[in-house]
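Participant: Have a look at this one.
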Amino acid sequence: MNYREQAAQAFSQAAVQAFGQEVTPAEALALMEVPPDPAMGDFAVPCFKLAKVLRKAPPAIAQAVAAAACGFAGSVQAAGPYVNFFVDGALFARDTLQAVFAQGKSYGGSQEGAGRVICLDYSSINIAKRFHVGHLYTTAIGNALNKVFLHLGYQTVSINHLGDWGTQFGKLIVAFRRWGDRAAIEADPLNALTAIYVRFHDEAEKDPALEDEARLWFRRIEEGDGEALALFAWFKELTLREANKMYQLLGITFDSYAGESFYNDKMGRVVEELRQKNLLKVDQGASIVDLSEEGMPPCLILKSDGATLYATRDIAAALYRADTYHFSQALYVVASHQELHFRQFFKVIEKMGYPWAGGLHHISYGMVSMEEGAMSTRKGRITYLDELLERSIEKTRAIIEEKSPDLPDRDLVARQVGVGAVLWAPLYNNRIKDIVFSWDRMLNFDGETAPYAMYTHARCCSVLRKARESSAAEDAPDYQCLAEPYAQSVVRALARFPAAVAEVAERYEPYLLGRFAIELCQAYNKFYYERRVLGEPAPVTAARLQLTRAARDVLALTLHLMGIAAPERM
RNA sequence: GUGCCUGUAGCUCAGCCGGAUAGAGUGUUUGGCUACGAACCAAAAGGUCGGGGGUUCGAAUCCCUCCAGGCACGCCA
């Protein structure tokens, strides 16, 4: 039984004793909250709602319950209409540290996901397009969720659903055949391809025949024409080569790169099944699934010329993933502007009668824009991820030169900190907020940032290193010295970690990890300034070393779940 | 026009399944490195929680309405 449950139990018993009336432990637990200030207690039960049941004023109830409470490992006090529970600090510290050490890398984990599979569709880059900051959001969020679900015992399938199908590839082939320079493209693939693609659009405005030519070349890809396929495969290879540089730097891998083209031969089944289930209806020449009863516009399945559409492909992909992976949940980490599309095709799958439709979730995040307006390749209003990472790493390197000139592995650490700083942005705020990109905010390394969290981790490592050098031991700790407020706030943070991880999974909100990391760091840094670890009487040093080690371990684990490295020095 | 989302300190945001004085960071002003890492810590200043109604013992939080911004709304993905 944890302290919270113990408090509820004590409350329940005291209420029965004082009023002879039943307040079950479950009811007490439901009322229980954490006071705004730790000085008020670790847990509290406000007695307002009990006033009607017990027919007494809330402060009187609180008074009577506090007086009768027993069996709680700490003290119980009434404060106005609240019953406040103060956990015994030494016991709390001991239990929390023991749990952290005993569970190690699986602290805060569980087996709730045992035997269950979650598919995560994220990053999902487009062929022949350069990776920009918008992709950073889907990539970082998806990666963090993936790690959290693994931590909770799920089997996960991370899928990079490549945007590798559509008429734009016909355009690209036309552009390449007219203006392409193979050597220039090999040298700088994505910029060169983007340049000729943009040129295609400019020229097509003057010469609409180019569009027809593009459609023709796209049909050739579909028909398996040798030249068309070879070019298409080359574009794809170049894109993946560039993307992999990025993924390698970010430390991200995928289980599958099955993208849009993978489902080319799996579309017929969707149409056939929809027809068979009587869901398909012809409207204005196109085939649709009517969703007016659900208050949504219709979902378009076939164009009037019989070609499939975006939704058709996503339905095919969902059916394939259900058959192949037998997922309990499938998550799509995609920006919020596609919300309607997801609601529509999820609903279609539900109407098809698949029970797993309830496990489909759109994990939407806010639109990323520039200060001057929406991102636009053609207007040059865009920030590319490689450039962002490069500048972040450069800045880190400069700081290292200044502050830690003797640091070994400077290049590696500069990369870890620089990349961590960039990954932080999508993992520190609520997903749904729109984002206006700012270099200053992105490259801020002070305050609530990844470098701050990494710095705190390195500081803990440093203390532990010095302890080893001076042979300070962690044995025979005096946990009583961790009962003071500075140590207790670190302990409280450590104890909260499992709940934080669980909430990330429940709400699909990785930013809670970032918030947790900062909470722990702030608590530890204050502790560090107010209390000495080394050079104290052995039992005191032992206890504070344990606290330091636990903070270091949980911080490293938190950063790991966020996909951020935790160097020992920086 | 319809639907969804957002609006909290100068700026960026927590808090939103109702509870104790609305919190951080950043920026500004100021203090702290001859003891374990100053990418740190501390102090000050900064708020009609977009406006207005309602529900409640109690509302930033729930409901209604208005305003502002973002996004989406049939043959692109």
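Participant: I need the phi-derived Karplus couplings for the stretch A:463-479: 6.51 cos²θ - 1.76 cosθ + 1.60, θ = phi - 60°, integer Hz, Gly and Pro marked x.
Facilitator: Result, ordered by residue: 4, 5, 5, 5, 5, 4, 4, 9, 6, 6, 9, 9, 6, 6, x, 9, 5 Hz.
Participant: If I stretch the segment between A:Asn429 and A:Val53 completely, what's the gain in nm (0.36 nm per residue apart, minus their alpha carbon distance), one decimal?
Facilitator: Stretched fully, the A:Asn429-A:Val53 segment lengthens by 131.2 nm.
Participant: If one takes the longest principal axis of the Cα atoms in chain A, at what angle in degrees, from 0 to 90 and to the nearest 10, does the Cα axis of helix A:310-325 lie?
Facilitator: Here the helix axis deviates by roughly 60 degrees.
Participant: State the percentage of accessible surface on the stretch A:59-192 attributable to carbon and sulfur atoms; use a 1.4 Å probe and exclude ligands, DNA and RNA.
Facilitator: Of all accessible area on the stretch A:59-192, carbon and sulfur atoms account for 50 percent.
Participant: Roughly how many nanometres apart are two label points built 7 Å out from the Cα toward the Cβ at A:Ser376 and A:Asp265?
Facilitator: 4.3
Participant: Taking the radius of gyration and the Kirkwood hydrodynamic radius from Cα positions alone, what is the Rg/Rh ratio for chain A, to two decimal places?
Facilitator: 1.06
Participant: Still on this structure, I have one more. When the Cα atoms of the stretch A:1-142 are enclosed in a convex hull and the volume is divided per residue, what value in Å³ results?
Facilitator: Hull volume over Cα atoms, normalised by residue count, gives 196 Å³.
Participant: Just tell me which lysines come within less than 30 Å, Cα to Cα, of A:Lys277; anything on the same chain fewer than 8 places away is out.
Facilitator: Here the lysines satisfying the reach criterion relative to A:Lys277 are A:Lys266, A:Lys303, A:Lys347, A:Lys351.
Participant: Based on a Kirkwood Rh over C-alpha pairs, give the Stokes-Einstein translational diffusion coefficient of the stretch A:337-450 at 4 °C and viscosity 1.567 mPa s in µm²/s.
Facilitator: 76
Participant: Under 30 Å Cα to Cα from A:Lys466, which lysines show up? Leave out anything in the same chain fewer than 8 places away.
Facilitator: Filter leaves A:Lys105, A:Lys395, A:Lys403, A:Lys526.
Participant: Then there is this: State, to one decimal in nm, how far the label point of A:Asp202 lies from the label point of A:Glu227, with both points 7 Å from Cα in the Cβ direction.
Facilitator: 2.5
Participant: For A:Lys395, what accessible surface area do you get with a 1.4 Å probe? Give it in Å², rounded to 10.
Facilitator: Here the accessible area works out near 80 Å².
Participant: How about A:Lys206: which lysines have a C-alpha closer than 23 Å to its C-alpha, ignoring those fewer than 8 places off in the same chain?
Facilitator: A:Lys171, A:Lys379
Participant: List, in order, the whole-Hz ³J(HN,Hα) value for each residue of the stretch A:346-357 obtained from phi through the Karplus relation with A = 6.51, B = -1.76, C = 1.60 and θ = phi - 60°; use x for Gly and Pro.
Facilitator: With the stated coefficients, the stretch A:346-357 comes to 4, 5, 4, 5, 4, 5, 6, x, 8, x, 6, 4 Hz.
Participant: Where does the stretch A:132-219 land on the Kirkwood hydrodynamic radius, alpha-carbon pairs, in angstrom?
Facilitator: 15.7 Å is the Kirkwood radius here.
Participant: At 7 Å along the Cα-to-beta-carbon direction for both A:Tyr320 and A:Glu294, put a label point, then send me their distance in nm to one decimal.
Facilitator: Result for the modelled spin labels: 2.2 nm.
Participant: Using helices alone, what [θ] at 222 nm do you get for chain A, with -39,500 (n - 2.57) per DSSP H run of 4 or more residues, divided over all residues and rounded to the nearest 500?
Facilitator: It comes out at -18000 deg cm²/dmol, rounded to the nearest 500.
Participant: Separate question: Please give the length that would be gained between A:Lys245 and A:Gln111 if that part of the chain were fully extended, namely 0.36 nm times their separation in residues minus their C-alpha to C-alpha distance (nm, one decimal).
Facilitator: 44.8 nm
Participant: Keeping all protein chains in place and using 1.4 angstrom, which order do A:His361, A:His560, A:His341 fall into by accessible surface area, from largest down?
Facilitator: A:His560, A:His361, A:His341
Participant: Let me ask something additional. How much length, in nm to one decimal, is gained on full extension between A:Lys526 and A:Asp305, taken as 0.36 nm per residue of separation minus their Cα-Cα distance?
Facilitator: The A:Lys526-A:Asp305 span can extend by a further 72.8 nm.
Participant: With a 1.4 Å probe and all protein chains left in place, how much accessible area per residue does chain A have, in Å²?
Facilitator: Accessible surface, normalised per residue, equals 45 Å².
Participant: Something else now. List every residue whose amide H lies under 5 Å from the amide H of A:Ser369, counting only residues 5 or more places away in sequence or on a different chain, with H placed 1.01 Å from N in the peptide plane.
Facilitator: The answer is A:Ile435, A:Val436, A:Phe437.
The values are calculated or read from the model by the stated rules, or taken from the named source; none is laboratory data. A quick note: this is a predicted structure, and the numbers were derived from the prediction, not measured. Cβ atoms come from the backbone with ideal geometry, glycine included; neighbour counts cover every protein chain shown. Remember, those area values only see protein heavy atoms, side chains included, never the ligands or the DNA or RNA. Shrake-Rupley method; radii C 1.70, N 1.55, O 1.52, S 1.80 Å.
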